[in-house]
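The values are calculated or read from the model by the stated rules, or taken from the named source; none is laboratory data. Keep in mind it's a predicted model, so treat the numbers as computed, not measured. As a convention, Cβ positions derive from the backbone with ideal geometry for all residues, glycine included, and neighbour counts pool all protein chains shown. Areas reflect the complete protein model, heavy atoms only, side chains present, ligands, DNA and RNA absent. Shrake-Rupley method; radii C 1.70, N 1.55, O 1.52, S 1.80 Å.
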Amino acid sequence: QGKENITIDVERGSSIKVETLSDTKRTRESAEIAPEKSEDTAFIQQKGNIVRFGVWDGATDPLDLGEKLKLPLSTGKAAAVTCRQGAIGAPWNALPRNMLRSGNTLLSSIAAGLPLTDDERSEALTAVGVVGRLDTETMLLDFASVADCHMVVLHPDGTHTWLTQNTSVHCELLEIAAAVWGAEHLEAPLPEDAELLRHLESVMVLEPEKRPAIQPLKDPRVLEVIARNRRLENNLAAGGQPSLKGSSDDVLQLGIQDGLIGVEENDEIFTFSDGAYPGPLFTPEQQQEVMNVIRSGGIRGLRDWVYAKQEADPLLRDPPRMKQFDDFMALRVKVPARKAGSERGHLRTTV
């Protein structure tokens, strides 16, 4: 998917074991594979006892501003790469929260120079992401995330610790609810949000073959819900989702979740974008489903599993989602032998 998708900078002879996987099945309306590269991006850096890594997912541009700007890549990919480079350039001792903020600041400075209106500028470059910082001497893992990229630690005994929450799930479900309701009411305006969500709940108890086939991105009513959610990003009080889009630092701080956990020798840290699950990933049952696949097949098995589910469901019924395929990005970092330690289970998170 192109060298610009993942940056890897690990010292020669390092004991850190890493694995990366980037894939996409972007298609045209003709069902042919599209030439655009994945809008997900990632990095892994290691120097001495510190390993830094992260994944970003660029938001698809509803205004098609990439065409107006004549960019060589999509605005979503531009946002994701900018946030990645901001994190890479952050001070080596920076916490993951501040690495995310560095990307957001860089995004703000770039957006300021674009020939766009203020409204367009606020929607042009948007991404979400998750960052980790592992210290192999203290055996501590710091992490921070915005929205729906995830990080989980798989322990040698088969148990796991899921570190992140999907803080954009309300917006995702609202868009899906609009698509499901719209498929059953072709000409009617959308009802209030609460009614849309109640209707989605009633549909989800049905067997997949009894749910409506949906085409979310072809329904102008759904596109308006998407645009409204985009305008509300980082306005958490109004129900908006957190996002990296050059918002003020004070606003962004409220939307970052972070934490600290002790790890052990041979723990495996998995980091991935939302393309690792066919639809919004937010319930313990879904998390368990993902971990079952990872235990048996690692990140390649996860990629194969999610694409198989998506290929078998062109009508977007199981589960209902915004598009058939999403970009896939995943990293695996294996914790080396202990140098100095803390006990696993000392977990601190903030949202």
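Scanning the stretch 264-274 turns up no residue that is among the aromatic types (Phe, Trp, Tyr) and farther than 27 Å from residue 95 by Cα. Scanning the stretch 37-60 for residues that are closer than 15 Å to residue 327 by Cα and in a loop (DSSP other than H, G, I, E, B) returns 37, 38, 39, 59, 60. For the stretch 261-272, the condition holds for no residue, the condition being that it is closer than 21 Å to residue 325 by Cα and open to solvent by 60 Å² or more (accessible area, probe 1.4 Å). Would you confirm whether or not the stretch 25-36 contains a residue that is acidic (Asp, Glu) and at pLDDT 95 or above? Within the stretch 25-36, not a single residue is acidic (Asp, Glu) and at pLDDT 95 or above. Given the condition in contact with a Lys or Arg (Cβ under 8 Å, 6 or more places away or on another chain), assigned to a helix (DSSP H, G or I), open to solvent by 30 Å² or more (accessible area, probe 1.4 Å) and among the polar types (S, T, N, Q), answer yes or no: does some residue in the stretch 114-123 qualify? Checked against the condition, which is being in contact with a Lys or Arg (Cβ under 8 Å, 6 or more places away or on another chain), assigned to a helix (DSSP H, G or I), open to solvent by 30 Å² or more (accessible area, probe 1.4 Å) and among the polar types (S, T, N, Q), the stretch 114-123 yields at least one hit. Criterion first (in a loop (DSSP other than H, G, I, E, B) and modelled with pLDDT of 95 or more) does residue 304 satisfy it? For residue 304, the condition - in a loop (DSSP other than H, G, I, E, B) and modelled with pLDDT of 95 or more - is not met. Kindly establish whether residue 239 is small (Gly, Ala, Ser) and within 24 Å of residue 273 (Cα to Cα). Spelling it out, residue 239 is indeed small (Gly, Ala, Ser) and within 24 Å of residue 273 (Cα to Cα).
Which residues, counting only those in the stretch 287-314, are of a type in the set (A, V, I, L, M) and open to solvent by less than 40 Å² (accessible area, probe 1.4 Å)? Scanning the stretch 287-314 gives 290, 291, 293, 294, 299, 302, 306.
For every residue, the table says whether it meets (1) within 19 Å of residue 9 (Cβ to Cβ); (2) of a type in the set (A, V, I, L, M); (3) touching a Phe, Trp or Tyr at 6+ places or on another chain (Cβ under 6 Å); (4) at pLDDT 95 or above.
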{"position": "45", "(1), (2), (3), (4)": "yes, no, no, yes"}
{"position": "78", "(1), (2), (3), (4)": "no, yes, no, no"}
{"position": "84", "(1), (2), (3), (4)": "yes, no, yes, yes"}
{"position": "87", "(1), (2), (3), (4)": "yes, yes, no, yes"}
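Rundown of residues vs (1) assigned to a loop (DSSP other than H, G, I, E, B); (2) modelled with pLDDT of 95 or more; (3) of a type in the set (Phe, Trp, Tyr); (4) surrounded by 15 or more Cβ atoms within 10 Å (Cβ to Cβ), yes/no style:
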{"position": "285", "(1), (2), (3), (4)": "no, yes, no, no"}
{"position": "318", "(1), (2), (3), (4)": "yes, yes, no, yes"}
{"position": "326", "(1), (2), (3), (4)": "yes, no, no, yes"}
{"position": "333", "(1), (2), (3), (4)": "no, yes, no, yes"}
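Residue under question is residue 106, and the condition is that it be closer than 16 Å to residue 83 by Cβ, at pLDDT 95 or above and part of a helix (DSSP H, G or I); does it hold? Yes, satisfied.
Scan the stretch 218-227 and tell me whether some residue there is of a type in the set (D, E, K, R) and more than 24 Å from residue 61 (Cα to Cα). No. Evaluated against (1) open to solvent by 20 Å² or more (accessible area, probe 1.4 Å); (2) among the small types (Gly, Ala, Ser); (3) within 14 Å of residue 168 (Cβ to Cβ), residue 248 falls short on exactly one condition, (3).
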